[in-house]
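This report refers to the structure that appears directly beneath it.
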Amino acid sequence: MDSGTHLVIGFGLAGLAYIDPVVAANPVLSTAILIGTVVGSQAPDMDTLLRFKSNAAYIKNHRGRSHSIPAVLIWTALITLVLMLLFDGLPLAHVALWVFIAVAFHVFTDLFNTYGTQAFRPFTEKWIAWNIIHIFDPFIFISHIVAILLWAVHLAAPQIIFPILYACLAVYYIWRSWWHYRLESNLYHKDPDYHPGDRYILIPTFNLNFWQIVKTKSDGRFALGEYKNNRIKWIDEVSCTSHPAVEASRAHSDIAAFLYFTSFACSDLRSHDWGYEVRWADVRYRHRKQYPFVAVLLMDNELKPIDSYVGWVNDTRLEKKLRVNT
């Protein structure tokens, strides 16, 4: 989820903690848990600081180790320790429990997005992305805002507001998961261009009734489409380029980081007098007829690197970021 949603979830979990009688009876403890759930709901995204190192380091590691099983335990222990030092006499088990819930819930909700996490690390480094809920979901965000406002103006007790909120969210997540599975598993029936071996990925958008589709064909091509009103509309097809320059680009650290993150990368080669421009794009992120999530490597005619870029960018900005005017 986005940072704003994680933030309101942190406040929401602090309200939910009032179902614990020990928390409800102790204002100091409830304050400490409020701090713990808000910080815990943000902690796994501290790897955003890797942007200061490089875009490649950020893309390769964001939602990686910081969202792993060991990291959930480490974040819980660190935040709990700080709270125990700041507040005297807190019951350790109650603090640790709610901080753990906040950190674990952050990782859990991220599994439902398209970006993905390595939540099952160290057992596997596979990126898990269930493609069920958009990174910003209006229902999740607005329902939390309403619940927090009701709590703030004392229209109802948090012991009533937040169990109802999270019960509704549980139903919402179950419904979205079932609906996504039903739609995705039946796409081949609705696709007049279906061929055996085609695989479909249904990607959520801000609009609940509008989905994006990535179809991986048996020959390695990608078809990009939209699903709306029970119909598929194909809008683009991408063929990946095979060339020695493309293969050589895989050894570059920026390209390797990009390919480590995504299984939906497609290569494109542009030849110039000075050498080659190899552009890898993640086809899941099509926007205004472009693929803005890219890794680009410029090489001379001997396939030696000249410059590179990895990250989110449009064509105009990309030319400004690279040293050779392409």
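The values are calculated or read from the model by the stated rules, or taken from the named source; none is laboratory data. As the structure is a computational prediction, the values presented were derived from the model and not from experiment. All Cβ positions, glycine included, derive from the backbone under ideal geometry; neighbour counts span all protein chains shown. SASA here: full protein model, heavy atoms, side chains in, ligands and nucleic acids out. Shrake-Rupley method; radii C 1.70, N 1.55, O 1.52, S 1.80 Å.
Does T124 satisfy the condition of being of a type in the set (S, T, Y) and either under 17 Å from L7 (Cβ atoms) or crowded, with 21+ Cβ neighbours inside 10 Å (or both)?
Answer is no for this residue.
May I ask you to list the residues in segment 296-323 that are open to solvent by 30 Å² or more (accessible area, probe 1.4 Å), modelled with pLDDT under 75 and not acidic (D, E)?
Passing the criteria: N314, T316, R317, K320, K321, R323.
Quickly run through segment 163-208 and pick out the residues that are closer than 19 Å to N230 by Cα and hydrophobic (A, V, I, L, M, F, W, C).
Hits for segment 163-208 are W175, W178, W179, L183, L187, I201, L202, I203, F206, L208.
Of all residues in segment 99-110, which are in contact with a Ser or Thr (Cβ under 8 Å, 6 or more places away or on another chain), open to solvent by 10 Å² or more (accessible area, probe 1.4 Å) and more than 14 Å from I74 (Cα to Cα)?
F105
If I ask for residues that are within 21 Å of V107 (Cα to Cα) and touching a Pro at 6+ places or on another chain (Cβ under 9 Å), which ones from segment 136-183 would you list?
D137, R176, H180
Please list, ordered by first then second residue, the pairs with beta carbon atoms under 6 Å, 6 or more apart or interchain, first in segment 101-121 and among the basic types (K, R), second surrounded by 21 or more Cβ atoms within 10 Å (Cβ to Cβ).
Between residues of segment 101-121 that are among the basic types (K, R) and residues that are surrounded by 21 or more Cβ atoms within 10 Å (Cβ to Cβ), the close pairs are R121/S68.
Checking the conditions here, which among H144, H134 is surrounded by 13 or more Cβ atoms within 10 Å (Cβ to Cβ) and in contact with a strand residue (DSSP E or B) (Cβ under 6 Å, 6 or more places away or on another chain)?
Step by step, each of H144, H134 is checked, and only H134 is surrounded by 13 or more Cβ atoms within 10 Å (Cβ to Cβ) and in contact with a strand residue (DSSP E or B) (Cβ under 6 Å, 6 or more places away or on another chain).
Regarding K228, is this residue modelled with pLDDT under 95, open to solvent by less than 70 Å² (accessible area, probe 1.4 Å) and closer than 22 Å to H189 by Cα?
no
Here is a check on your reading of the model: is F162 closer than 24 Å to T205 by Cβ and either polar (S, T, N, Q) or open to solvent by less than 80 Å² (accessible area, probe 1.4 Å) (or both)?
Judged against the criteria, F162 is not a match.
Which of the strands (runs of 3 or more DSSP E) contained wholly in segment 195-263 include at least 2 residues that are within 19 Å of R279 (Cα to Cα) and touching a Leu at 6+ places or on another chain (Cβ under 8 Å)?
231-238
Right, R279: in contact with a strand residue (DSSP E or B) (Cβ under 7 Å, 6 or more places away or on another chain), in a loop (DSSP other than H, G, I, E, B) and not aliphatic (A, V, I, L, M) or not?
When the stated conditions are applied, R279 does not pass them.
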